[in-house]
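Structure, as structure tokens:
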Amino acid sequence: MNPSEVTKAIYDATNHQRKLNNLPLFRYAGCLERSALLHSGNMVKYNFFSHTDLINHSFGSPLMRIQLCNGDFQIVGENLAFYPITLGSFPEKVVNGWMNSPGHKENILNPEFSFVGIGTAFRIIGHCFPYALITQNFGGYIKTQRVWL
């Protein structure tokens, strides 16, 4: 699989989880994808795994990266994964791992999030299997009720 195929499979598996939980499917947002690709690429290039980019302070947090990529969302979230690239359905295993982690699951099933973007970068460590570093960014708008007086 190449990074684009991994990204598509994770998008599909994530929306499958939304469907199983009677939630609207995510719409794909280019600004969230750009932010996610930027972060996954930096994690490979600078050899770190964190929601915070301590190397490039101008896009240190998920919100900063999303704004840098012209995202105007009121609420944002982020899931990360560092997973060996194996034959078969490893993207589905990544999503299943997130679904077994309360914080990651909360992002996937948060009804306030309507948009998602995913960035995948590959890294080879020594003579081992290559790894995928995956960033999944979420965006949404706060739904408010108007009260007329």
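The values are calculated or read from the model by the stated rules, or taken from the named source; none is laboratory data. This structure is a prediction, so every number in the text was calculated from the model and none was measured. Heads up, the Cβs are rebuilt from the backbone with ideal geometry, glycines too, and the neighbour counts pull from every protein chain shown. Protein only, heavy atoms only, side chains kept; ligands, DNA and RNA dropped before computing areas. Shrake-Rupley method; radii C 1.70, N 1.55, O 1.52, S 1.80 Å.
Worth pointing out:
- Sparse packing (at most 14 other Cβ atoms within 10 Å of the Cβ) combined with a DSSP loop state is found for the following chymotrypsin sites (Phe, Trp or Tyr not before Pro) in the range 1-67: Phe48, Phe49.
- Accessible surface for the range 31-109, divided over its residues, is 51 Å² per residue with a 1.4 Å probe.
- Given their separation in residues at 0.36 nm each and the Cα-Cα distance between them, Ser61 and Lys45 gain 4.0 nm when the chain is fully extended.
- Selected from Gln74, Gln136, Gln17 as most flexible by GNM, with the chain as the system and alpha-carbon contacts under 10 Å: Gln74
- Whether the chain is rounded, prolate or oblate, judged on the alpha carbon gyration tensor where a/c under 1.5 counts as rounded: oblate
- Between Leu68 and Leu109, the simple spin-label model (points 7 angstrom out along Cα→Cβ) gives 3.3 nm.
- Comparing Gly41, Gly77, Gly97 in a Gaussian network model of the chain where C-alpha atoms under 10 Å apart are linked, the largest mean-square fluctuation is found at Gly97.
- Solvent-accessible area, 1.4 Å probe, carbon plus sulfur percent, for the range 5-83: 56 percent
- A simple count of charges around Leu25, restricted to other residues whose Cβ falls under 13 Å of its Cβ and scoring Lys, Arg +1 and Asp, Glu -1, yields +2.
- Unsatisfied cross-links (Cα-Cα over 30 Å) in the set Lys45/Lys105; Lys93/Lys143; Lys45/Lys143: Lys93/Lys143; Lys45/Lys143
- Straight-distance crosslink candidates among aspartates and glutamates, where the alpha carbon sits under 20 Å from Lys8 and sequence neighbours closer than 8 are dropped: Glu33, Glu78, Glu92
- Extension gain for the segment Ser4 to His16, taken as residue separation times 0.36 nm less the Cα-Cα distance, is 2.5 nm to one decimal.
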